[in-house]
Each structure stands twice: as structure tokens, then as C-alpha cells.
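Taking it in order: structure first as C-alpha cells, then the write-up.
The values are calculated or read from the model by the stated rules, or taken from the named source; none is laboratory data. Just so we're clear, the structure is a prediction, and the values are computed from it rather than from any experiment. Quick reminder, even Gly has a Cβ in these numbers, built from the backbone with ideal geometry, and neighbours come from all protein chains shown. Just the protein is used for accessible areas: all its heavy atoms, side chains included, with ligands, DNA and RNA removed. Shrake-Rupley method; radii C 1.70, N 1.55, O 1.52, S 1.80 Å.
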Amino acid sequence: MTGSLHIGFIPLIDAAALIVAVDKGFTAAEGLDVTLVREVSWSNVRDKLNIGLFDAAHLLAPVAIASSLGLGHVKVPIVAPFNLGLNGNAITVSPVLHAAIMREIDGDPLDPMATALSLARVVAARRRSGAEPLTFGMTFPFSTHNYQLRFWMAAGGVDPDEDVHLVVLPPPYMVDSLANGQVDAFCVGAPWNSIAVDRGVGFILHFVSDILVRAAEKVLAVRQSWSEKNPQVLAALIRAAFRATEFIEHNRAETAHILAQPERVGVDADIIRRTLDGRLKVAPDGTIRESGRYLLVGREGAARPDPVQAAWLYAQMVRWGQATISPEAVEIAKAVFRPDLHDAVLGFQQKPTPGASNLVEAFAGPAFDADDVAGYLASLGIVRRPS
Amino acid sequence: MGAESSPKIVIVDESPIRAAILEEGLREAGFTGVVRIGEMHSLLARIYELDPDVILIDLENPSRDILEQMFQVSRAVRRPIAMFVDQSDAASIQASVDAGVSAYIVDGLKKERIKPILDLCISRFNAFSKLQDELDRAKSALEDRKVIDRAKGILMKLKGLTEEEAYVLLRSTAMREKKKIGEIAQSILTASELLK
């Protein structure tokens, strides 16, 4: 068994399981010699995983699916045997947009339907007055952030391609872009929302857990061919990552300290701690909001990949014109998420909390049916046809 | 369009020196339509405005993810753009990623027209990192020499040695301990600081 691995990651809090697995020696205890490589773009992570410079990667779940389907890039089958994180993103808006949404809102500001309907009124008013369309930042075309923003605003009647601008921004540029008015809002993972609030340039409008109860976010991704050639190495890596998730649950202060190191995530330990605790400052005046579901790393069965989640992500790609629908593609997408590989190593002892369905539960729209993606899409209002 | 004459090439690189080295190479090879972008602010708008046939971007640049938007079906895109490296080009993509550069081209530009551009790009990027390495090495050699000189001074003073004897002592210790002379010299400086 080759035990020397290169693993790419983007400096985000949901890389925690990989970073802790290495820095606490859990990978070494499994006989693995892991070099973590900090990367600056998802494109780099994807390419280096695809061509074999990385053995494994911290990857956006939709990128793993897009890569397996050959969407937007070279087709390389990827498998995800372990979720590094569920949820963890938030929608942050500028103080000006926040005020506008709160002026128009009819209902609870924590209710995504109320904010989405309010956003629709803000957008309509801007159009009437001849103002520029609002611009929303997200991290990558094949990203949860892109789909979560679109899902939310479309539920309120805002067409994300016609009524606003959606632009890709690398996470480290998000806060500055919000501060200088290049974007009016963004959807990004931790720690960037908290940094915007701390700097007084943004309000956290929603945790994505308001929009979807359990959203697959980052996965531990490996090439399918690699997983078949190195089953024992993969099993060892899964065990180490799982041990790390347990460590993170019980040692948040130390985890925050480990992640704060400059060669890891490199931000203030206090912000990391707030993220792990799901206790976020949501407004520059110091208002705190707590949610046990803000970011799930390991707990509540979060590490076990759910093919229904993969099907949901594929449905979003079809909904927004990134993919054409086919029954084969649905199956390929579902097969990227590998609960069987997870269970073979860890068993199925990690039951989701009672009441929290493993299926996709969203705040709006028809119930998602992974066995009838076409029917689900047909029942949605705003969709984009591939041109 | 430029495809049959000289393709319009955009270099996206925040390192002005490397971008200049690459541009010079491209011009020498007869590619005259080269534009450099070093400012990442409204990058996509600039690119749409320039309407290039080829885009070269360094892999250290987080803005690479911004370029991935060009593949999306969107009214902002004026013509389809595809990643140069298709399924059959594993060797090219490996070489370019190793060199630290990535290329995007518009759909339809012939592969044989792209190959010399990418090859040149790879060799210039490799040359640049070699230059960078040499510069770093020269810097650390200079640092080492300063450290060794100071360690020699300490040995001369403490042990009453000549300069040459002090150097011989450093060198023989380094050989015995399988370390660099600079490392031994540094430990002498550290020890003398501690014992002050």
C-alpha cells in the first residue's frame, strides 16, 4: 500500500476534517504520509486531482459531479466516499441592500420566503427607477453557493439570469468586493461571511441551513480509478478523517487553533470557533444568531454521502442550463456519492438525528424526488433552457 | 477573425516580470497581438472587451475561477470558449500545470496553432521559476556567508584561533554532523546569544 499522499484543499473551515486528520497525526497513525497542499482556486484543485498531481482533494460537491459528467471540462470520474461538511454557507448582503430588504419585508426576516419576496420587490423597484441590476457574488459556476443563491431568489420570483447579475469571485476577494460596491451580496462559506460582518460591511441574511436542511457541501474526492487501485489507502484515509470529525466535535478550541495557522486556513481563531459553534455575529452591531445546523462536520451522520443529494445538485445543473437532462446522467451523478465506501469502513452507525430527514428538504418548492428529476424540474417556475 | 492571422492572446498574470518575459517570447515568435492584464478588478469585463482567441493565466491566480464562468451559457458570452486541453492532451495539461500556467482558447482555433503558444508559455514559465530559484539561492548564499563570517569571529575570539583555523573547525564539524556549514555557523550564533 502506497502511503504517501498529496491532498489539495482550499483554506475554508470545512477543510477541518482533513487538516485535523493530518495535524493531529490521525493519518500518520494509519500509516499515511500526507502532504496537504493549500490551493488558490477550485479550478486548480479540480485539475490537479484530475491529472493525478493530487491523490485526493477537499472539493465542492458539484465539481465532483460535473467532473464525472464532463461538464465544462475534461471528463474524469470522481468518487466521494466521505462528506467533509454539510451546510456552512451563508448569504451576506451589504448594509444598503439589507436596509432595502428589511423595508420591504412582510414576515419573519429568518424566513427565506419572506426575504426572497422582499428581494423581488427591491429588484422591481430598482428596475422601475432605472438603477443597475443587483450583483451577487458566488464562488464557482458548479458550486453549492451558486445553486443556493439561485434556489432562494427564484422561490421569490427573481430570475437569477434575467433580473440580477451573478458573478464568480474567489472567496478571499468577497469581502473587499462587498465593501467597495462591486457586489451587493454574496453566498460563500466560512469564514468569509463573519469577516464581512466583523469589518462592518455586511449583514448575514441567511444561513444556508435556512434554505436547505441538509446541503451536501464539500466532499473528500478521489478519482474513481484511484479508489479502485488503492482501496486500503482510501479506507485508511476515511478512518483518519472520521477520527478527525470526532476530535473536532469535542475539541473546538484546539481545532480553531489548528485551523488558524497561516499555512492552513489562516484566519483568527475566534472567528473559526464561532463558525464551529454555529454562533455567528450576523450584524455589525454585534447581534448573535445561533444554529446547531450552521455547519455540520461529522455529527448527525453528516459524513455519510447521500446519492439523493447528488441527484439534487445535478437537478440544479439542469435547472440552470449547465447540463441537459438524461436518465443516465442522473445515475452517474448519484454514483459519485458513495455511501457504500463510507459504510464499508465506518459502518452505518452514524444515524441522522431523528426528525432530520436524509432527503433534501428545502424551504420552498415541490418535494424533490431523486427518481423523477424531470418531473421535479417541470414543476418549477423559473428555469433556464440550454441555448 | 484573428484565428488565421495572428491570434489575439491575453496574458493574465499579477507578476509583471513574468508576464513581460512571456510577452517578449510570444512577440519574438511572431505573435503580435498580445495584451497583458495585471489588474484583477473587473477581469471578465476586460476579457470580453478584448475578445481574445487565447487566454493564458498563472495558476497562482485565484481569478482563474472567474474565467471558468466563460464556459457557462449566459447572455454575456459572445462566442463559445473552451478549455484548450481536451481529453487527448493529458501530456500538455500535465506540462502546463507543472509549469504553473493554464490556457483557455476559443472554440474552433486549431490545435496545431495553439501548440507553439502553449509550448512557449511552458518554457518561459519554467525559465522564470528557474530564475526565481537562482535568485533565492543567491540570496541565501549571501545570508550564509554573513552568518559564517560572524561565527568565525566568535570562534576566533573565544578559542584564540586564526580565521583559517576557525573556518576549518566549522567545516570539519559540519562534515562530522552531516550538516551545512551555514547551519553550524547559525547554531554558534544562537548559542552565543543564549550564553550572553
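What is the spin-label model distance, in nm, from B:LEU158 to A:ALA378 if the labels are put 7 Å beyond Cα along the C-beta direction?
8.6
Taking Cα centroids, how far is segment B:146-183 from segment A:84-104 in Å?
63
Among A:VAL188, A:VAL219, A:VAL122, which one moves the most in a GNM of chain A with springs linking Cα atoms closer than 10 Å?
With Cα springs under 10 Å in chain A, the top fluctuation among A:VAL188, A:VAL219, A:VAL122 is at A:VAL122.
Can you grab the distance from the C-alpha centre of segment B:103-125 to the C-alpha centre of segment A:244-322, Å, no decimals?
Cα centroid of segment B:103-125 versus Cα centroid of segment A:244-322: 40 Å apart.
Might you tell me the accessible area per residue for chain A, computed with a 1.4 Å probe and given in Å²? Working shown, then result.
Values: 13230 Å² over 387 residues.
Spelled out: the 1.4 Å probe surface of chain A, per residue, equals 34 Å².
What's the FRET efficiency of B:LYS110 with A:GLU162 using the Cβ-Cβ distance as r and R₀ = 41 Å, to the nearest 0.05? All intermediate terms of the calculation are to be shown ahead of the outcome.
Values: r = 36 Å, r/R0 = 0.88.
That pair, B:LYS110 with A:GLU162, gives E of 0.70.
Only sites in a loop by DSSP and with at most 11 other Cβ atoms within 10 Å count here; which GluC sites (Glu not before Pro) in segment B:2-53 make the cut?
On the way: sites: B:GLU4, B:GLU14, B:GLU23, B:GLU24, B:GLU28, B:GLU39, B:GLU49; in loops: B:GLU4, B:GLU14, B:GLU39.
Counting only loop positions with at most 11 other Cβ atoms within 10 Å, the GluC sites (Glu not before Pro) in segment B:2-53 are B:GLU4, B:GLU39.
Nearest 10 degrees, 0 to 90: what angle lies between the long axis of helix A:112-128 and the longest principal axis of chain A (Cα atoms)?
So the helix axis and the longest Cα principal axis differ by about 50 degrees.
Between segment B:27-73 and segment A:154-231, what is the separation of their alpha carbon centroids in Å?
First find each Cα centre; the distance between them is then 24 Å.
For segment A:126-209, state which trypsin sites (Lys or Arg not before Pro) are in a DSSP loop and have at most 14 other beta carbons lying within 10 Å of their beta carbon.
Working: sites: A:ARG126, A:ARG127, A:ARG128, A:ARG150, A:ARG199; in loops: A:ARG199.
Hits after loop and neighbour filter: A:ARG199.
What's the extension gain from A:ARG289 to A:ARG103 if we count 0.36 nm per residue and subtract their Cα-Cα distance? Don't jump to the answer; show the numbers that get you there.
Details: separation 186, 0.36 × 186 = 66.96 nm, distance 2.07 nm.
Residue separation times 0.36 nm, minus the Cα-Cα distance, leaves 64.9 nm.
To the nearest whole percent, what portion of all C-alpha pairs in the protein assembly as shown is separated by more than 30 angstrom?
Working: 95876 of 169653 pairs.
Cα-Cα pairs in the protein assembly as shown separated by more than 30 Å: 57 percent.
At B:ASP51 and B:THR190, where each label point lies 7 Å from the Cα along Cα→Cβ, what is the point-to-point distance in nanometres?
Between B:ASP51 and B:THR190, the simple spin-label model gives 6.2 nm.
From the gyration tensor of the Cα coordinates in segment A:1-148, what semi-axes in whole Å does the equivalent ellipsoid have, largest first, with each one equal to sqrt(5λ)? Don't skip to the end; give the middle numbers.
Values: eigenvalues 317, 64, 29 Å².
Calculated on Cα positions only, the semi-axes equal 40, 18, 12 Å.
Any idea what angle helix B:111-159 forms with the longest principal axis of chain B, computed on alpha-carbon atoms, 0 to 90 degrees, nearest 10?
Rounded to the nearest ten degrees, it is 10.
In terms of the Cα gyration tensor, with a ≥ b ≥ c the square roots of its eigenvalues, is segment A:228-339 rounded because a/c is under 1.5, prolate because a/b exceeds b/c, or oblate?
On the way: a/c = 2.51, a/b = 1.43, b/c = 1.76.
Oblate.
Is there a quick way to get the dipole size of chain A? I mean about its Cα centre, with the Cβ of Lys and Arg at +1 and of Asp and Glu at -1; what is the value in debye to the nearest 20? Display every interim value, and only then the final one.
On the way: 34 positive and 41 negative charges, 53 e Å.
Roughly 260 debye, rounded to the nearest 20.
Identify, among B:SER192, A:LEU97, B:LEU135, the residue whose Cα sits farthest towards the positive end of the charge dipole of the protein assembly as shown, taking +1 on the Cβ of Lys and Arg and -1 on the Cβ of Asp and Glu, with the dipole about the Cα centre.
So the residue we want is B:SER192.
Quick one: angle between helix B:181-194 and the longest Cα principal axis of chain B, in degrees between 0 and 90, rounded to 10, please.
Roughly 60 degrees, rounded to the nearest 10.
Under the rule a/c < 1.5 gives rounded, and otherwise a/b versus b/c splits prolate from oblate, where does segment A:91-203 land using the Cα gyration tensor?
Numbers: a/c = 1.43, a/b = 1.31, b/c = 1.09.
Because its axes are fairly even, with a/c under 1.5, segment A:91-203 counts as rounded.
Work out the charge dipole of chain A with +1 on the Cβ of Lys and Arg and -1 on the Cβ of Asp and Glu about the Cα centre, then indicate which of A:VAL267, A:ALA155, A:ALA315 is farthest towards its positive end.
Among A:VAL267, A:ALA155, A:ALA315, the one farthest towards the positive end of the dipole of chain A is A:VAL267.
Accessible area of segment A:205-299 with a 1.4 Å probe: how many percent of it is carbon plus sulfur?
Numbers: 1590 of 3490 Å².
In segment A:205-299, the share of accessible area belonging to carbon and sulfur is 46 percent.
How many Å² of accessible surface get buried when B and A come together, counting both sides, probe radius 1.4 Å, rounded to the nearest 100? Show your work: numbers first, answer last.
On the way: alone 12090 and 14360 Å², together 24130 Å².
For B against A, buried area totals roughly 2300 Å².
Measure up B:LYS146/B:LYS196; B:LYS159/B:LYS196; A:LYS24/A:LYS281; B:LYS139/B:LYS179 against 22 Å on the Cα-Cα distance and list the ones that go over.
On the way: B:LYS146/B:LYS196 20 Å; B:LYS159/B:LYS196 16 Å; A:LYS24/A:LYS281 29 Å; B:LYS139/B:LYS179 19 Å.
Violating the 22 Å limit, Cα to Cα: A:LYS24/A:LYS281.
Any idea of A:ILE91's accessible area? Nearest 10 Å², probe 1.4 Å.
0
Heavy atoms only, probe 1.4 Å: what % of the accessible area of segment A:128-189 goes to carbon and sulfur, would you let me know?
Working: 760 of 1690 Å².
The computed percentage sits at 45.
Mind putting a number on the dipole of segment A:93-225 about its Cα centre? Charges go on the C-beta only, +1 for Lys and Arg and -1 for Asp and Glu, and I need it in Debye to the nearest 20. Working shown, then result.
Numbers: 10 positive and 14 negative charges, 45 e Å.
For segment A:93-225, the charge dipole is close to 220 debye.
Provide the solvent-accessible area of A:MET138, counting protein heavy atoms only and rolling a 1.4 Å probe, rounded to the nearest 10 Å².
It works out to around 10 Å².
If B:LEU50, B:LEU195, B:LEU67, A:LEU117 are ordered by their accessible area, calculated over protein heavy atoms with a 1.4 Å probe, which sequence runs from highest to lowest? Each step should come with its number before you reach the end.
On the way: B:LEU50 30, B:LEU195 150, B:LEU67 0, A:LEU117 75 Å².
If we order B:LEU50, B:LEU195, B:LEU67, A:LEU117 from most to least accessible, we get B:LEU195, A:LEU117, B:LEU50, B:LEU67.
Return the loop-located chymotrypsin sites (Phe, Trp or Tyr not before Pro) in segment A:256-321 (DSSP other than H, G, I, E, B) with at most 16 other Cβ atoms within 10 Å of their own Cβ; answer none if there are none. Don't skip to the end; give the middle numbers.
Values: sites: A:TYR294, A:TRP312, A:TYR314, A:TRP320; in loops: A:TYR294, A:TRP320.
Qualifying residues, ordered by number: none.
Would you calculate the separation in nanometres between label points at A:GLU331 and B:HIS41, each defined as 7 Å from the Cα along the Cα-to-beta-carbon direction?
It is 5.3 nm.
Suppose the chain between B:LYS139 and B:SER6 were pulled fully straight at 0.36 nm per residue; how much longer would it get relative to their current alpha carbon spacing? Display every interim value, and only then the final one.
Values: separation 133, 0.36 × 133 = 47.88 nm, distance 4.06 nm.
Once the chain is fully extended between B:LYS139 and B:SER6, it gains 43.8 nm.
With each run of n ≥ 4 DSSP H residues scored as -39500 (n - 2.57), what mean residue ellipticity at 222 nm is computed for chain A after dividing by its residue count and rounding to the nearest 500 deg cm²/dmol? Don't jump to the answer; show the numbers that get you there.
Working: 18 runs with 170 residues, N = 387.
That calculation yields -12500 deg cm²/dmol at 222 nm.
Using a simple charge model, +1 on the beta-carbon of Lys and Arg, -1 on the beta-carbon of Asp and Glu, nothing else, what dipole does chain B show about its Cα centre, in debye to the nearest 20?
Numbers: 29 positive and 32 negative charges, 141 e Å.
In debye, rounded to 20, chain B gives about 680.
Could you give the length gained by full extension between A:LEU53 and A:ASP340, i.e. 0.36 nm per residue of separation minus their alpha carbon distance, to one decimal place? Show your work: numbers first, answer last.
Details: separation 287, 0.36 × 287 = 103.32 nm, distance 2.61 nm.
100.7 nm is the gain from fully extending A:LEU53 to A:ASP340.
Quote the accessible area belonging to B:GLU165 in square angstrom, nearest 10, computed with a 1.4 Å probe and with ligands, DNA and RNA left uncounted.
The value for B:GLU165 is about 90 Å².
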